[in-house]
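In what follows, a single structure is set out as C-alpha coordinates and then discussed.
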Amino acid sequence: MAAVRKTWTVVTANVNGIRAAERRGGLTWLAESGADVVCLQETRADDAQLAVALAPALDDGWHLAHAVPAQKGRNGVAVLSRAPFTDVRAGCGHDEFADHGRYLEVDNDDGGAPLTVASIYVPTGEAQTEKQAEKERFLDATGARMAELAARAAANGGDTVICGDWNIAHTESDLKNWKGNLKNSGFLPEERAWMSEVFGPAGFVDVYRRLHPQAEGEAYTWWSNRGQAWAKNVGWRIDYQIATP
(Lines give C-alpha, C1' and ligand atoms only; values in the text may rest on other atoms or scores of the structure.)
Protein backbone atom coordinates (compact mmCIF):
# COMPACT_ATOMS: atom_id res chain seq x y z
CA MET A 1 0.00 0.00 0.00
CA ALA A 2 1.31 3.46 -0.90
CA ALA A 3 2.22 5.76 2.00
CA VAL A 4 -0.33 8.39 2.90
CA ARG A 5 1.09 11.78 1.94
CA LYS A 6 0.95 14.43 4.64
CA THR A 7 0.74 18.11 3.79
CA TRP A 8 3.68 19.92 5.40
CA THR A 9 3.85 23.67 5.96
CA VAL A 10 7.52 24.65 5.81
CA VAL A 11 8.66 28.19 6.60
CA THR A 12 12.09 29.78 6.28
CA ALA A 13 13.54 32.98 7.76
CA ASN A 14 16.93 34.61 8.07
CA VAL A 15 16.65 35.84 11.66
CA ASN A 16 19.85 37.94 11.62
CA GLY A 17 20.68 36.80 15.17
CA ILE A 18 18.28 34.62 17.15
CA ARG A 19 18.50 36.67 20.33
CA ALA A 20 17.73 39.89 18.44
CA ALA A 21 14.86 38.12 16.65
CA GLU A 22 13.44 36.97 19.98
CA ARG A 23 13.48 40.55 21.24
CA ARG A 24 11.68 41.67 18.07
CA GLY A 25 8.79 39.27 18.64
CA GLY A 26 10.13 36.17 16.94
CA LEU A 27 8.43 33.79 19.36
CA THR A 28 5.03 35.35 18.69
CA TRP A 29 5.67 35.05 14.97
CA LEU A 30 6.64 31.40 15.40
CA ALA A 31 3.52 30.59 17.42
CA GLU A 32 1.30 32.21 14.79
CA SER A 33 3.11 30.80 11.75
CA GLY A 34 1.02 27.65 11.44
CA ALA A 35 4.18 25.85 10.36
CA ASP A 36 5.11 22.21 10.80
CA VAL A 37 8.80 22.92 10.12
CA VAL A 38 10.70 26.20 10.37
CA CYS A 39 14.19 26.76 8.95
CA LEU A 40 16.31 29.51 10.48
CA GLN A 41 19.51 31.09 9.19
CA GLU A 42 22.09 33.30 10.89
CA THR A 43 21.26 32.16 14.41
CA ARG A 44 24.63 33.59 15.51
CA ALA A 45 24.51 31.56 18.71
CA ASP A 46 25.83 28.43 20.33
CA ASP A 47 23.51 25.61 21.39
CA ALA A 48 22.98 26.96 24.90
CA GLN A 49 22.20 30.49 23.71
CA LEU A 50 19.78 29.17 21.10
CA ALA A 51 18.01 26.98 23.66
CA VAL A 52 17.56 29.95 25.99
CA ALA A 53 16.21 32.18 23.22
CA LEU A 54 13.78 29.49 22.07
CA ALA A 55 12.88 28.10 25.50
CA PRO A 56 9.14 28.95 25.31
CA ALA A 57 8.90 27.28 21.89
CA LEU A 58 10.73 24.17 23.10
CA ASP A 59 8.46 24.04 26.15
CA ASP A 60 5.54 24.18 23.73
CA GLY A 61 6.72 20.99 22.05
CA TRP A 62 8.91 22.15 19.19
CA HIS A 63 11.90 19.93 18.38
CA LEU A 64 15.19 21.69 17.59
CA ALA A 65 18.29 20.85 15.56
CA HIS A 66 21.16 23.30 15.16
CA ALA A 67 24.38 23.47 13.15
CA VAL A 68 26.64 25.53 15.40
CA PRO A 69 29.10 27.89 13.66
CA ALA A 70 32.73 27.40 14.60
CA GLN A 71 33.27 31.16 14.30
CA LYS A 72 31.56 32.83 17.23
CA GLY A 73 28.79 35.26 16.33
CA ARG A 74 28.64 34.23 12.66
CA ASN A 75 26.36 32.02 10.56
CA GLY A 76 24.44 29.19 12.24
CA VAL A 77 21.42 27.38 10.81
CA ALA A 78 18.64 25.58 12.64
CA VAL A 79 15.45 23.64 12.06
CA LEU A 80 12.39 23.60 14.34
CA SER A 81 9.83 20.86 13.84
CA ARG A 82 6.52 19.89 15.37
CA ALA A 83 7.28 16.22 14.63
CA PRO A 84 10.36 14.48 16.08
CA PHE A 85 13.39 14.10 13.83
CA THR A 86 14.31 10.65 12.64
CA ASP A 87 17.80 11.82 11.62
CA VAL A 88 19.91 14.99 11.70
CA ARG A 89 22.97 15.75 9.53
CA ALA A 90 25.11 18.89 9.74
CA GLY A 91 27.21 20.04 6.80
CA CYS A 92 26.75 19.62 3.06
CA GLY A 93 29.20 16.73 2.77
CA HIS A 94 32.40 18.72 2.18
CA ASP A 95 35.08 18.84 4.89
CA GLU A 96 35.83 22.53 4.25
CA PHE A 97 32.33 23.54 5.35
CA ALA A 98 31.68 20.91 8.02
CA ASP A 99 31.82 23.38 10.91
CA HIS A 100 30.75 26.60 9.16
CA GLY A 101 27.16 26.42 10.41
CA ARG A 102 25.75 26.90 6.92
CA TYR A 103 23.89 23.67 6.15
CA LEU A 104 21.69 21.36 8.22
CA GLU A 105 19.43 18.47 7.16
CA VAL A 106 16.72 16.76 9.14
CA ASP A 107 14.43 13.86 8.32
CA ASN A 108 10.80 13.81 9.46
CA ASP A 109 8.38 10.93 9.21
CA ASP A 110 4.96 10.95 10.85
CA GLY A 111 4.06 7.54 9.45
CA GLY A 112 3.47 8.77 5.90
CA ALA A 113 5.94 9.62 3.18
CA PRO A 114 9.24 10.83 4.68
CA LEU A 115 10.33 14.45 4.30
CA THR A 116 13.89 15.78 4.33
CA VAL A 117 14.23 19.48 5.12
CA ALA A 118 17.49 21.42 4.95
CA SER A 119 18.24 24.90 6.21
CA ILE A 120 20.96 26.65 4.18
CA TYR A 121 22.90 29.89 4.38
CA VAL A 122 25.08 30.37 1.29
CA PRO A 123 28.14 32.63 1.65
CA THR A 124 27.60 36.18 0.44
CA GLY A 125 30.62 36.26 -1.82
CA GLU A 126 32.41 39.18 -3.43
CA ALA A 127 33.16 39.22 -7.14
CA GLN A 128 36.75 38.42 -8.15
CA THR A 129 37.91 37.70 -4.59
CA GLU A 130 38.59 34.63 -2.46
CA LYS A 131 35.17 35.17 -0.88
CA GLN A 132 33.59 34.43 -4.26
CA ALA A 133 35.81 31.39 -4.77
CA GLU A 134 34.64 30.11 -1.38
CA LYS A 135 31.02 30.68 -2.39
CA GLU A 136 31.57 28.74 -5.59
CA ARG A 137 33.10 25.81 -3.68
CA PHE A 138 30.15 25.83 -1.32
CA LEU A 139 27.72 25.80 -4.25
CA ASP A 140 29.60 22.90 -5.85
CA ALA A 141 29.41 20.92 -2.61
CA THR A 142 25.72 21.75 -2.17
CA GLY A 143 24.95 20.77 -5.75
CA ALA A 144 26.57 17.38 -5.23
CA ARG A 145 24.54 16.84 -2.06
CA MET A 146 21.34 17.91 -3.82
CA ALA A 147 21.97 15.30 -6.51
CA GLU A 148 22.18 12.65 -3.78
CA LEU A 149 18.96 13.92 -2.18
CA ALA A 150 17.13 13.91 -5.51
CA ALA A 151 18.17 10.31 -6.15
CA ARG A 152 17.13 9.28 -2.65
CA ALA A 153 13.74 11.00 -2.96
CA ALA A 154 13.12 9.27 -6.28
CA ALA A 155 14.02 5.90 -4.79
CA ASN A 156 12.04 6.01 -1.53
CA GLY A 157 9.04 8.12 -2.52
CA GLY A 158 9.77 10.91 -0.05
CA ASP A 159 10.34 14.58 -0.68
CA THR A 160 13.13 17.06 -0.03
CA VAL A 161 12.95 20.83 0.43
CA ILE A 162 16.00 23.01 0.96
CA CYS A 163 15.11 26.37 2.47
CA GLY A 164 17.05 29.46 3.22
CA ASP A 165 19.22 32.34 2.18
CA TRP A 166 20.91 31.39 -1.08
CA ASN A 167 22.41 34.85 -1.69
CA ILE A 168 21.61 34.56 -5.41
CA ALA A 169 18.90 36.25 -7.45
CA HIS A 170 18.16 33.81 -10.25
CA THR A 171 16.51 35.96 -12.93
CA GLU A 172 15.95 39.60 -13.80
CA SER A 173 12.53 39.32 -12.14
CA ASP A 174 14.23 38.52 -8.84
CA LEU A 175 15.76 41.93 -8.19
CA LYS A 176 14.84 45.50 -8.96
CA ASN A 177 18.13 46.90 -10.23
CA TRP A 178 19.35 43.95 -12.25
CA LYS A 179 21.23 46.02 -14.84
CA GLY A 180 23.34 47.64 -12.12
CA ASN A 181 24.24 44.29 -10.54
CA LEU A 182 25.41 42.23 -13.49
CA LYS A 183 28.98 42.23 -12.16
CA ASN A 184 28.13 41.90 -8.47
CA SER A 185 28.05 38.76 -6.38
CA GLY A 186 24.50 37.51 -6.08
CA PHE A 187 23.70 38.15 -9.74
CA LEU A 188 26.81 36.93 -11.55
CA PRO A 189 26.23 34.86 -14.71
CA GLU A 190 27.91 31.80 -13.22
CA GLU A 191 25.75 31.95 -10.08
CA ARG A 192 22.57 32.27 -12.12
CA ALA A 193 23.71 29.40 -14.34
CA TRP A 194 24.15 27.25 -11.22
CA MET A 195 20.56 28.05 -10.22
CA SER A 196 19.34 27.22 -13.73
CA GLU A 197 21.06 23.84 -13.46
CA VAL A 198 19.28 23.20 -10.15
CA PHE A 199 15.90 24.05 -11.69
CA GLY A 200 16.66 22.19 -14.91
CA PRO A 201 18.71 18.98 -15.22
CA ALA A 202 19.04 18.56 -11.45
CA GLY A 203 15.26 18.24 -11.25
CA PHE A 204 14.39 20.62 -8.41
CA VAL A 205 11.56 23.17 -8.33
CA ASP A 206 11.60 26.83 -7.32
CA VAL A 207 8.45 26.59 -5.20
CA TYR A 208 7.66 30.29 -5.17
CA ARG A 209 8.02 30.60 -8.95
CA ARG A 210 5.85 27.52 -9.44
CA LEU A 211 3.10 29.30 -7.47
CA HIS A 212 3.77 32.89 -8.60
CA PRO A 213 5.52 32.81 -11.99
CA GLN A 214 5.06 36.52 -12.79
CA ALA A 215 5.67 38.08 -9.37
CA GLU A 216 8.37 40.73 -9.05
CA GLY A 217 8.37 43.39 -6.30
CA GLU A 218 6.22 41.37 -3.93
CA ALA A 219 8.70 38.50 -4.19
CA TYR A 220 11.69 40.33 -2.70
CA THR A 221 13.18 39.01 0.54
CA TRP A 222 16.16 41.32 1.12
CA TRP A 223 16.71 45.07 0.93
CA SER A 224 19.89 47.09 1.42
CA ASN A 225 20.13 49.49 4.34
CA ARG A 226 21.28 52.16 1.90
CA GLY A 227 19.39 54.65 -0.24
CA GLN A 228 15.92 54.02 1.22
CA ALA A 229 15.86 50.64 -0.51
CA TRP A 230 13.09 49.35 1.79
CA ALA A 231 10.89 52.40 1.32
CA LYS A 232 11.38 52.29 -2.46
CA ASN A 233 11.15 48.47 -2.60
CA VAL A 234 14.51 48.16 -4.34
CA GLY A 235 14.97 44.59 -3.27
CA TRP A 236 16.29 41.15 -4.14
CA ARG A 237 14.74 37.69 -3.95
CA ILE A 238 17.59 35.65 -2.50
CA ASP A 239 15.63 33.34 -0.16
CA TYR A 240 14.17 30.22 -1.74
CA GLN A 241 12.37 27.01 -1.00
CA ILE A 242 13.84 24.55 -3.48
CA ALA A 243 12.05 21.20 -3.57
CA THR A 244 11.83 17.90 -5.32
CA PRO A 245 8.89 17.98 -7.77
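For this structure, a couple of remarks:
- Of the numbered criteria (1) modelled with pLDDT of 95 or more; (2) open to solvent by less than 50 Å² (accessible area, probe 1.4 Å); (3) under 17 Å from the mean Cα position of the chain (by Cα), the one GLY235 fails is (3).
- The range 59-69 - residue that is out of contact with any strand residue (DSSP E or B) (no Cβ under 6 Å at 6 or more places or on another chain) and on the phi < 0 side of the Ramachandran plot and, of those, most open to solvent (accessible area, probe 1.4 Å): ASP59
- Among (1) open to solvent by 30 Å² or more (accessible area, probe 1.4 Å); (2) modelled with pLDDT of 95 or more, the one test that VAL38 misses: (1)
- Residues of the range 147-187 that are open to solvent by 70 Å² or more (accessible area, probe 1.4 Å) and either under 28 Å from GLY93 (Cβ atoms) or assigned to a helix (DSSP H, G or I) (or both): GLU148, ARG152, ALA154, ALA155, ASN156, GLU172, LYS179.
- Contact map, the range 23-49: residues that are under 22 Å from GLY101 (Cα atoms) paired with residues that are small (Gly, Ala, Ser) and loosely packed, with under 13 Cβ neighbours inside 10 Å, Cβ distance under 8 Å, separation 6+ or inter-chain. Pairs shown: ARG44/GLY73.
- Within the range 81-97, the residues that satisfy the criterion of being in a loop (DSSP other than H, G, I, E, B) and either at negative phi or open to solvent by less than 10 Å² (accessible area, probe 1.4 Å) (or both) are ARG82, ALA83, PRO84, CYS92, HIS94.
- Residue, surrounded by the most Cβ atoms within 10 Å (Cβ to Cβ), within the range 70-80, restricted to residues that are at pLDDT 90 or above and touching an Asp or Glu at 6+ places or on another chain (Cβ under 7 Å): GLY76
- For the range 98-119, filtered to residues that are more than 26 Å from LYS6 (Cβ to Cβ) and modelled with pLDDT of 90 or more, the residue that is most open to solvent (accessible area, probe 1.4 Å) is HIS100.
The values are calculated or read from the model by the stated rules, or taken from the named source; none is laboratory data. Computed from a predicted structure; not experimentally measured. Positions of Cβ are backbone-derived with ideal geometry, glycine not excepted, and every protein chain shown enters the neighbour counts. We work out accessible area using only protein heavy atoms, side chains counted, and drop any ligands, DNA or RNA first. Shrake-Rupley method; radii C 1.70, N 1.55, O 1.52, S 1.80 Å.
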